[in-house]
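Some notes on the structure that comes next.
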Amino acid sequence: MAKGITTEELDQLTDVELAERLQEAKAELFNLRFSAVTHRLEDSGRLKEVRRSIARIYTVARERELGIRTAPTAKKK
C-alpha cells in the first residue's frame, strides 16, 4: 500500500490546509530530486509517491473550483 495521502484525507482539509500540503509536497519533491542527483537517495519510490500526492492535491483543488467537491467549511446547497 502506498504511503501517500489519500483523497479521503484531502477531502477533510480546508482550502488553506490544502495549499499548505501542496507547498510541503513540492518542497519534499525538490529535496528528493536533489538527493537523487547527488546519489544520496535511499528510497527512489518516494519520488513517485510525492508526485502522485501533488497530482491528487491539484485534482481536489480543481474539483472544488468546478463545484464537483466541496470544502469542509463550505455550506452544502
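Got a number for residues in the stretch 1-18 being touching a residue at least 60 places away in the same chain (Cβ under 8 Å) and open to solvent by less than 80 Å² (accessible area, probe 1.4 Å)?
1
Just checking, does the stretch 31-48 include any residue being within 24 Å of Ala71 (Cβ to Cβ) and part of a helix (DSSP H, G or I)?
no
From the list Arg46, Arg33, Arg21, Arg69, exactly one residue is over 14 Å from the mean Cα position of the chain (by Cα) and surrounded by 15 or more Cβ atoms within 10 Å (Cβ to Cβ). Which is it? Spell out the reasoning first.
Numbers: Arg46 fails: over 14 Å from the mean Cα position of the chain (by Cα); Arg33 fails: surrounded by 15 or more Cβ atoms within 10 Å (Cβ to Cβ); Arg21 fails: over 14 Å from the mean Cα position of the chain (by Cα).
On inspection, the qualifying residue turns out to be Arg69.
The values are calculated or read from the model by the stated rules, or taken from the named source; none is laboratory data. Note that this is a predicted model, so its numbers are computed, not measured. For neighbour counting, all protein chains shown are included, and Cβ atoms are generated from backbone atoms with ideal geometry for every residue, glycine included. Note: accessible area is taken over every heavy atom of the protein model, side chains too, but ligands, DNA and RNA are not part of it. Shrake-Rupley method; radii C 1.70, N 1.55, O 1.52, S 1.80 Å.
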